[in-house]
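The values are calculated or read from the model by the stated rules, or taken from the named source; none is laboratory data. Being a predicted model, the structure only gives us computed values, none of them experimental. Note that we place each Cβ from the backbone using ideal geometry, even for glycine, and neighbour counts take in every protein chain shown.
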Amino acid sequence: MLRGLYTAASGMIAEQRRHDTITNNIANINSPGFKQGNALMRSFPEMLISTIRGGEGASTTPLGKLNTGVFSEENISLHAQGDLQETQNPFDFALVSNIQVPGATFNANGVSVNANGDRTYQPQALFTVLNSDGEQRYSLNGKFSVDTAGQLVNANGDQVVGRDGQPIRLVDGTGQPIRSFKVTDKGEFMDSNGKPLLNAAGQPIGLMLSRAENPNLLLREGDGLYRINPGDEATVRQVAAGDQVEVRQGFVERSNVDSAQSMVDMMSALRAYEANQKVIQFYDKSMDKAVNEVGRV
């Protein structure tokens with residue numbers, strides 16, 4: 001009897017979640033490496049409504065389809081490349097990624113659709129860090145620094161991982177942190193004379209860059225970090241030599257949030273929320289009349 005009430009309520013919940021996603025985008029508009037989230041909504045399965053005529057030879061007459069509302073299905077990130085901002089800070093890094101897949105032609109959103117409708121997502125390159133529990137995480141925020149132990153860390157103190165799978169330590173022969181160095185476009189660390197910096201094992205120091213085959217499998221963890229679900233580890237591997245990935249020292253990647261479009265979308269979500277709210281108010285008035293006025297007759 002009150003299908004419209006439930007439909008309007010589901011619309012309010014969906015628009016609230018859409019509004020939350022947009023406000024989170026706006027709040028992170030100045031967060032380096034942040035990728036815009038998009039709340040996707042879908043409708044509940046449609047129902048076929050029919051009338052039933054009783055008596056002998058009962059028959060049904062189709063009236064049409066009825067939709068029972070919408071729900072917010074998931075939050076998909078837009079992994080388009082953000083603009084690079086020069087900081088001239090040697091501890092700031094940005095990734096320029098344009099990894100190609102044979103047979104795929106990617107659009108601006110990093111999606112390729114073939115003639116059969118199959119989708120292929122453009123792989124993305126990310127920095128690799130270790131959180132406080134020693135678990136591997138991924139990030140596009142390249143604002144790093146060196147702690148008192150000479151380890152390269154991010155703003156949260158998470159250790160940046162090198163190509164050998166160990167935290168990167170930038171110290172000289174006396175154990176003092178190295179402040180003057182250069183990083184090549186392949187992520188290799190060089191001293192002021194252009195010679196490779198070596199770790200404790202005598203191996204050249206370089207950033208471990210991870211390649212996510214399907215960036216939509218990455219889960220936001222907060223503080224600019226991503227993680228991968230158990231079982232999907234095979235979809236993330238180290239960047240290969242032939243991948244089109246470059247490291248830019250002295251730059252950070254800005255958020256790819258479109259501030260103007262986000263404000264328009266936020267107002268649209270608010271108006272849709274208010275429209276569903278009005279429907280519920282009308283149902284409330286109708287039930288009030290049915291109980292307090294019609295019931296008296």
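Please go through segment 227-245 and give me each residue that is under 21 Å from the mean Cα position of the chain (by Cα) and surrounded by 12 or more Cβ atoms within 10 Å (Cβ to Cβ), ordered by number. Talk me through it step by step, then tell me what you get.
Pass one, segment 227-245, residues under 21 Å from the mean Cα position of the chain (by Cα): 227-239, 245.
The answer is R227, I228, D232, T235, V236, R237, Q238, V239, V245.
Residue-wise test of (1) at pLDDT below 95; (2) small (G, A, S); (3) surrounded by fewer than 18 Cβ atoms within 10 Å (Cβ to Cβ).
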residue: T60; (1), (2), (3): yes, no, yes
residue: N67; (1), (2), (3): yes, no, yes
residue: Q88; (1), (2), (3): yes, no, yes
residue: A94; (1), (2), (3): no, yes, no
residue: Q100; (1), (2), (3): yes, no, yes
residue: T105; (1), (2), (3): yes, no, yes
residue: A108; (1), (2), (3): yes, yes, yes
residue: G117; (1), (2), (3): yes, yes, yes
residue: S132; (1), (2), (3): yes, yes, yes
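Residue-level check: of (1) crowded, with 17+ Cβ neighbours inside 10 Å; (2) on the phi < 0 side of the Ramachandran plot; (3) not assigned by TED's automatic domain parsing to the domain that holds I22, G187 misses just (2). Within segment 157-187, the residues that satisfy the criterion of being in a strand (DSSP E or B) and under 17 Å from K143 (Cα atoms) are Q159, V160, V161, G162, P167, R169, K182, V183.
Going by what's in this entry, would F34 be described as touching a Ser or Thr at 6+ places or on another chain (Cβ under 7 Å) and within 28 Å of Q159 (Cβ to Cβ)? In short, yes.
On the given criteria, is P62 in a loop (DSSP other than H, G, I, E, B), of a type outside the set (S, T, N, Q) and not assigned by TED's automatic domain parsing to the domain that holds Y226? Full working, then the answer.
Numbers: in a loop (DSSP other than H, G, I, E, B): no; of a type outside the set (S, T, N, Q): yes; not assigned by TED's automatic domain parsing to the domain that holds Y226: yes.
Considered against the rule, which asks whether it is in a loop (DSSP other than H, G, I, E, B), of a type outside the set (S, T, N, Q) and not assigned by TED's automatic domain parsing to the domain that holds Y226, P62 comes out as no.
Has segment 217-237 got any residue that is more than 30 Å from E135 (Cβ to Cβ) and touching a residue at least 24 places away in the same chain (Cβ under 8 Å)? Among the residues of segment 217-237, not one is more than 30 Å from E135 (Cβ to Cβ) and touching a residue at least 24 places away in the same chain (Cβ under 8 Å), which makes the answer no. Taking V294 and the conditions (1) free of Cβ contacts under 8 Å to residues at least 24 places away in the same chain; (2) surrounded by 11 or more Cβ atoms within 10 Å (Cβ to Cβ), which numbered condition does it fall short on, given that it satisfies the others? Just one mismatch for V294, condition (2).
Within segment 115-125, the set of residues being touching a strand residue (DSSP E or B) at 6+ places or on another chain (Cβ under 6 Å) and not in a strand (DSSP E or B) comprises just one member, P123. Among the residues making up segment 108-147, a single one is free of Cβ contacts under 8 Å to residues at least 12 places away in the same chain and within 16 Å of the chain's Cα centre (by Cα): V111. One residue is enough: does segment 91-114 have a residue meeting the conditions of a type outside the set (F, W, Y), under 25 Å from D191 (Cα atoms) and assigned to a loop (DSSP other than H, G, I, E, B)? No, because not a single residue in segment 91-114 is of a type outside the set (F, W, Y), under 25 Å from D191 (Cα atoms) and assigned to a loop (DSSP other than H, G, I, E, B).
Criterion first (more than 21 Å from E135 (Cβ to Cβ), in contact (Cβ under 8 Å) with a residue 12 or more places away in the chain and in contact with a helix residue (DSSP H, G or I) (Cβ under 7 Å, 6 or more places away or on another chain)) does S262 satisfy it?
yes
Evaluate segment 8-30: report whether one residue or more is in a loop (DSSP other than H, G, I, E, B), buried (at least 17 other Cβ atoms within 10 Å of the Cβ) and not hydrophobic (A, V, I, L, M, F, W, C). Give the derivation first.
Filtering segment 8-30 down to residues in a loop (DSSP other than H, G, I, E, B) leaves 28-30.
After this cut, where a residue has to be buried (at least 17 other Cβ atoms within 10 Å of the Cβ) as well, the list is 28.
Among the residues that remain, those that are also not hydrophobic (A, V, I, L, M, F, W, C) are: 28.
Yes, segment 8-30 contains at least one residue that is in a loop (DSSP other than H, G, I, E, B), buried (at least 17 other Cβ atoms within 10 Å of the Cβ) and not hydrophobic (A, V, I, L, M, F, W, C).
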